[in-house]
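Novice: Have a look at this one.
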Amino acid sequence: MNIREWTLPVYTILTQLSIGALFVIWVIRAFKSAKFGSEKTDQAIKIPMLILFTTATFAIIFAHFHLSRPYLSFLALRNLWSSWLSRELFSNLIYILTLGLLLISLWLVRAQHGVITALGWLAILFGFVTDFCMSQIYLLPSQPAWNSLFTPFSFLVTTFLLGVLTIPVLFTIDLIFKKSQGQDGQAIHAHLIDQSLGGMAILAIILSILMATIVYFQIAALFSGNVAAQTSLNLLLNIYEPLLIIRLVFLFIGVGWLGYMAAQHHQRRVASENLLLQVFIPCLLVMVAEILGRFLFFAIHVRIGI
């Protein structure tokens, strides 16, 4: 991969992060609205939603650097009926647009709870459609390293894994900001961290094991594949073996660190407002691991035929 092609791993990873985190926030919101009331709960997710919108927008802008003529990117929408790339771009634009409407509803209009709920689930729907279309682009018979069900499964697991790791960071950032500004609602944010951190750590561990299992079976499938698959395997286990090892090490260190800090927090050894560095580092490690995984995904492909 050349420098320009690094935009693809970054774009796909950041987009999946925003989708996964939005889904987790919306599930938490659905359970906590009854406890704190819809208005206070929606106030508590305003800054996290702004960060997710910014992340998704930055990702699609950054993806344009992959193109030789970025100003013609809109032409990719011409083939919705036949091209997964066109479908991915279309669904991603709708996803970002819906996120924007959601932000307007939270920050400016203060729309009714039902409207915000509907916009959130609509954005999640188009987010997962984007994720699905993104994975379908790479299911090509001419690319043995990509052409299997492991590709969409790995994309989906990455989406949930990054979403789960991001939530503690977003909630802690918001808690620190509100505390520094002396704003109301700190109790809600502290409660969200207290109630979600342990569950996020458990989910992260499960998802990391699932991701490692997918990697194992992807390698096993290459072992029994054709010449192109064997060439991809040789690239992975020889030239890129150090990156594969680093990827797995970062993955398990990240989720292990989060699990340890969740246990410390549960025992009241670390206050919620002092958790930022302790939850940010695991998130960063796992994000780097997944970017390396996506780099390897692109780097080991070997085409059959023309």
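Novice: In percent, how large is the relative contact order of segment 1-137, given Cα pairs closer than 8 Å and 6 or more residues apart?
Specialist: 30
Novice: Related question: Just need the Rg to Rh number for segment 1-137, please, alpha carbons only, Kirkwood Rh.
Specialist: Taking Rg over the Kirkwood Rh, I get 1.02.
Novice: Step through the residues of segment 281-292 one at a time and calculate ³J(HN,Hα) from phi using the Karplus curve (6.51 cos²θ - 1.76 cosθ + 1.60, θ = phi - 60°), rounding each to whole Hz and writing x for Gly and Pro.
Specialist: 4, x, 4, 5, 4, 5, 5, 4, 4, 6, 5, 5
Novice: Counting only other residues whose beta carbon sits under 14 Å from that of A123, what net charge do I get with K and R as +1, D and E as -1?
Specialist: 0
Novice: If all Cα-Cα distances of segment 142-306 are sorted into 5 Å bins from 0 onward, what percent lands in each bin, rounded to whole numbers?
Specialist: Bins of 5 Å from zero give 1, 9, 17, 18, 14, 11, 9, 7, 6, 4, 2, 1, 0 percent of pairs.
Novice: Report the Stokes-Einstein translational diffusion coefficient (µm² s⁻¹, integer) for segment 148-208, Rh taken as the Kirkwood radius over Cα pairs, at 37 °C with viscosity 0.692 mPa s.
Specialist: 254
Novice: In vacuo Debye scattering of segment 94-206, one point per C-alpha: log10 I(q)/I(0) at q = 0.14, 0.17, 0.19 Å⁻¹?
Specialist: Each listed q corresponds, in turn, to -0.81, -1.04, -1.16.
Novice: Add +1 for every Lys or Arg and -1 for every Asp or Glu among the other residues with Cβ under 11 Å from the Cβ of T41, and state the total.
Specialist: +3
Novice: I'd like the Karplus ³J(HN,Hα) series for segment 210-219: coefficients 6.51, -1.76, 1.60, θ = phi - 60°, whole numbers in Hz, and an x wherever there's a Gly or Pro.
Specialist: Each residue of segment 210-219 in turn: 4, 5, 5, 5, 4, 4, 4, 6, 4, 5 Hz.
Novice: Further, regarding this structure: Efficiency by 1/(1 + (r/R0)^6): what FRET value for A271 and L140, r their Cβ-Cβ distance, R0 = 45 Å, to the nearest 0.05?
Specialist: The pair A271/L140 has a calculated efficiency of 0.35.
Novice: Could you give the distance between the Cα centres of segment 78-146 and segment 151-181, to the whole Å?
Specialist: 18
Novice: Collect residues whose amide H, placed 1.01 Å from N in the peptide plane, falls under 5 Å from the amide H of I304; neighbours closer than 5 in sequence don't count.
Specialist: Those lying under 5 Å, H to H, from I304 are Q143.
Novice: Would you look at the GNM of the chain, springs on alpha carbons closer than 10 Å, and say which of Q278, Q267, Q43 moves the most?
Specialist: Largest GNM mean-square fluctuation: Q267.
Novice: Would you mind calculating the relative contact order of segment 142-306 from Cα pairs under 8 angstrom and at least 6 residues apart, reporting the percent as a whole number?
Specialist: Computed value for segment 142-306: 38 percent relative contact order.
Novice: Something else now. With 10 angstrom as the radius, rank R29, R78 by how many other C-beta atoms surround their C-beta, starting from the fewest.
Specialist: Listed from fewest to most nearby Cβ atoms, that is R78, R29.
Novice: Work out from phi, with θ = phi - 60° and the Karplus expression 6.51 cos²θ - 1.76 cosθ + 1.60, the ³J(HN,Hα) of each residue of segment 155-163, listed in order in whole Hz, and give x for Gly and Pro.
Specialist: Per residue, the Karplus-derived 3J(HN,Hα) values read 5, 5, 5, 4, 4, 5, 4, 5, x Hz.
Novice: Tell me, W81, W26 in order of fewest to most beta-carbon neighbours within 10 Å?
Specialist: Fewest-to-most Cβ neighbours within 10 Å comes out as W81, W26.
Novice: What ranking do C283, C133 get, fewest neighbouring Cβ atoms within 10 angstrom at the top?
Specialist: Fewest-to-most Cβ neighbours within 10 Å comes out as C133, C283.
Novice: Let me know the shape class of the chain, please: from the alpha-carbon gyration tensor, a ≥ b ≥ c as square roots of the eigenvalues, rounded when a/c is under 1.5, otherwise prolate if a/b is greater than b/c, or oblate.
Specialist: Judged from the Cα gyration tensor, the chain comes out oblate (a/c at least 1.5, b/c at or above a/b).
Each value in this text was obtained by applying a stated rule to the coordinates, not by laboratory testing. Bear in mind that the values here come from a model prediction, so they are computed numbers and not experimental data. In this analysis, Cβ positions are derived from the backbone assuming ideal geometry, glycine residues included, and neighbour counts consider all displayed protein chains.
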